[in-house]
Amino acid sequence: MAHFSLSLAHNHWVPAAVFLATYLLIAIESGRGSHLDRTAAAFCGAVVMVLAGVVTLDEAYRTIDWNTLLFLLGMMILVAHFQISGLFDWIAGHVALIARTRFELLVILAFTSGILSAFFVNDTMCLILTPIVLTVTDRLQIPPLPYLIALAVSSNAGSVMSVTGNPQNALVGISAHFSFLGFLGHLAPVAALGLCINIAVLAIFFRSEILRKPLGTRPRTVEVALDKVLLSKCCLAAVLVVALWVLGYSFPLVAVSVGAFILVIGRVKAENVYQRIDWELLLFFASLFVVVSGFQRSGAVDYLIADFHHALEGRFASQLFAVSGMMLILSNLVSNVPAVLLFRPLVPSFPNSHFIWLIVASTSTLAGNATPLSSVANLIVLQQSSKRVQISFWQFARVGMIITVLTTLAAIGVLALEHRWFPGS
């Protein structure tokens, strides 16, 4: 068995084949011809990488980025307490109360989901807000399709601005040792511009549903029970998180420490918190670390990079375009977190690595808006709304591809200007 595994390890096609098979299963997942869901597919792929001798078991342990997993776990614990307090339901209810037109509802939803996603992880916000969007559109008697797509693409675009916005940002923030405010300062303009582009494109594509018809009957009141005591404790914990990050303390250490702190002071039954933690997501990413590490050994990434090497070695502007192009391709081939993992070893070799990290974070996230399969956030929205609304691949992609191209160009432009005006920042 050991001899067989060793011989397979020297075959570069084996890790590539395991990687492609894993992502094929992730793409079709359960309910589409396979009994394996995304997490099970990634886990099986990681196990096969070890059994085939591509990575040893000890190497697999070392490949897993425990800092990223601890960071996500700590933030999930804090978000679970916010969810139990009723804050997110209260915010969504007031969105419906404030909007006077369908376009205003689109704007409020886009910025609400985008800003909340920046600080509470985009996948989590899509999980929480999708049923609320369905309820709001049902009460207002308006078609939910444009608003569901707005939720998905805006949660992705808004999450660009913060290291807490999505797993790939957390990975970049930890790998590149960004400060919380430094990351926010660079990418908040990218996120704000992206949200504006989302609104404009959606308003144009769905102009007959958004611009040419009235809103309908608005609810007069919002009946949401807020646990004000728990909410105040959550706000204290959130302020503590941001303050410690601003002071330069470790992202994962602060996240898990404050997660433990809110478990103690929140006085919520632990099982209620555990039910809201996405354990499958943690296993999914742990498995991906191993699968991607094995794929790197196939040399396939080197071939892709070789096609871009002239641009990567050129001026800063051409580097931005080359890296963005690679991230768009990789993110839609293998999803954004694996794309960042694949490209991560190369970034320190760039002379402007600080800005290259930023373009990797932003474009890998914005690439998630291209198709329904491009990000977990999209899949959550489509899956949760499927009993009420069927959103086809083309209905999403015809809007998402345009949004992806325009927001990526905007990100390149913003970072090019920042590099010119603040080269040492």
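Is there a residue in the range 61-73 that is in contact (Cβ under 8 Å) with a residue 12 or more places away in the chain, open to solvent by less than 20 Å² (accessible area, probe 1.4 Å) and over 19 Å from PRO167 (Cβ atoms)?
Checked the range 61-73: no residue is in contact (Cβ under 8 Å) with a residue 12 or more places away in the chain, open to solvent by less than 20 Å² (accessible area, probe 1.4 Å) and over 19 Å from PRO167 (Cβ atoms).
Of all residues in the range 286-333 being outside any loop (DSSP other than H, G, I, E, B) and of a type in the set (Asp, Glu), which is modelled with the highest pLDDT?
Narrowing the range 286-333 to residues outside any loop (DSSP other than H, G, I, E, B): 286-296, 300-312, 316-333.
Checking which are of a type in the set (Asp, Glu) leaves us with 302, 307.
Values: ASP302: 66, ASP307: 61.
My answer is ASP302.
Anything in the range 384-425 that is under 15 Å from CYS196 (Cα atoms) and open to solvent by 80 Å² or more (accessible area, probe 1.4 Å)? List them, or say none.
Of everything in the range 384-425, those that are under 15 Å from CYS196 (Cα atoms) and open to solvent by 80 Å² or more (accessible area, probe 1.4 Å) turn out to be VAL405, LEU409.
Name the single residue, out of those in the range 144-169 being of a type in the set (Gly, Ala, Ser) and assigned to a loop (DSSP other than H, G, I, E, B), that is nearest to GLY368 (Cα to Cα). Please lay out each step first, then the result.
Quick first cut of the range 144-169, residues of a type in the set (Gly, Ala, Ser) only: 150, 152, 154-155, 157-159, 162, 165.
With the extra rule that they be assigned to a loop (DSSP other than H, G, I, E, B), the set shrinks to 162, 165.
On the way: SER162: 16, GLY165: 13 Å.
If we take residues in the range 144-169 being of a type in the set (Gly, Ala, Ser) and assigned to a loop (DSSP other than H, G, I, E, B), then GLY165 is nearest to GLY368 (Cα to Cα).
Let me confirm something: among LEU6, LEU20, LEU24, which residue is modelled with pLDDT of 80 or more and open to solvent by 40 Å² or more (accessible area, probe 1.4 Å)?
Working: LEU6 fails: modelled with pLDDT of 80 or more; LEU24 fails: modelled with pLDDT of 80 or more.
The conditions single out LEU20.
Out of all the residues in the range 386-396, is one or more in contact (Cβ under 8 Å) with a residue 40 or more places away in the chain and among the small types (Gly, Ala, Ser)? Full working, then the answer.
First pass over the range 386-396, keeping only residues in contact (Cβ under 8 Å) with a residue 40 or more places away in the chain: 388-389, 391, 395-396.
When the remaining residues are screened for being among the small types (Gly, Ala, Ser), the result is none.
No, that holds for no residue.
Looking at VAL242, is it modelled with pLDDT of 85 or more and either in contact with a Pro (Cβ under 8 Å, 6 or more places away or on another chain) or of a type outside the set (S, T, N, Q) (or both)? Talk me through it step by step, then tell me what you get.
Numbers: modelled with pLDDT of 85 or more: no; either in contact with a Pro (Cβ under 8 Å, 6 or more places away or on another chain) or of a type outside the set (S, T, N, Q) (or both): yes.
Answer is no for this residue.
Report every pair of residues separated by at least 6 positions or lying on different chains whose Cβ atoms are under 7 Å apart, first residue within the range 285-305 and among the polar types (S, T, N, Q), second modelled with pLDDT of 80 or more and open to solvent by 20 Å² or more (accessible area, probe 1.4 Å).
The qualifying pairs are SER287/PHE43; SER293/THR63.
Quick check on my filter: what residues within the range 90-143 are open to solvent by 30 Å² or more (accessible area, probe 1.4 Å) and not in a helix (DSSP H, G or I)?
Of everything in the range 90-143, those that are open to solvent by 30 Å² or more (accessible area, probe 1.4 Å) and not in a helix (DSSP H, G or I) turn out to be ARG100, THR101, GLN141, PRO143.
Considering the range 321-343 alone, what residues qualify as being among the aromatic types (Phe, Trp, Tyr) and either touching a Leu at 6+ places or on another chain (Cβ under 8 Å) or closer than 13 Å to GLY368 by Cα (or both)?
Quick first cut of the range 321-343, residues among the aromatic types (Phe, Trp, Tyr) only: 321, 343.
Passing the criteria: only PHE343.
I want to confirm something. Restricting to the range 368-417 and keeping residues that are outside any helix (DSSP H, G or I) and among the small types (Gly, Ala, Ser), which single residue is farthest from PRO189 (Cα to Cα)?
Taking the range 368-417 and keeping what is outside any helix (DSSP H, G or I), we get 370-375, 386-392.
After this cut, where a residue has to be among the small types (Gly, Ala, Ser) as well, the list is 370, 374-375, 386, 392.
Working: ALA370: 21, SER374: 23, SER375: 22, SER386: 33, SER392: 31 Å.
Top of the filtered list is SER386.
Among the residues of the range 344-375, count how many are within 17 Å of ALA152 (Cβ to Cβ) and open to solvent by 30 Å² or more (accessible area, probe 1.4 Å).
Pass one, the range 344-375, residues within 17 Å of ALA152 (Cβ to Cβ): 364-375.
Those still in the list that are open to solvent by 30 Å² or more (accessible area, probe 1.4 Å) too: 373.
Final tally of qualifying residues: 1.
The values are calculated or read from the model by the stated rules, or taken from the named source; none is laboratory data. These numbers were taken from a predicted model, which means no experiment stands behind them. Every residue, glycine as well, gets a Cβ built from its backbone with ideal geometry; the counts of neighbours run over all protein chains shown. Each accessible area value is taken on the protein alone, full model and side chains, heavy atoms only, with ligands, DNA and RNA left out. Shrake-Rupley method; radii C 1.70, N 1.55, O 1.52, S 1.80 Å.
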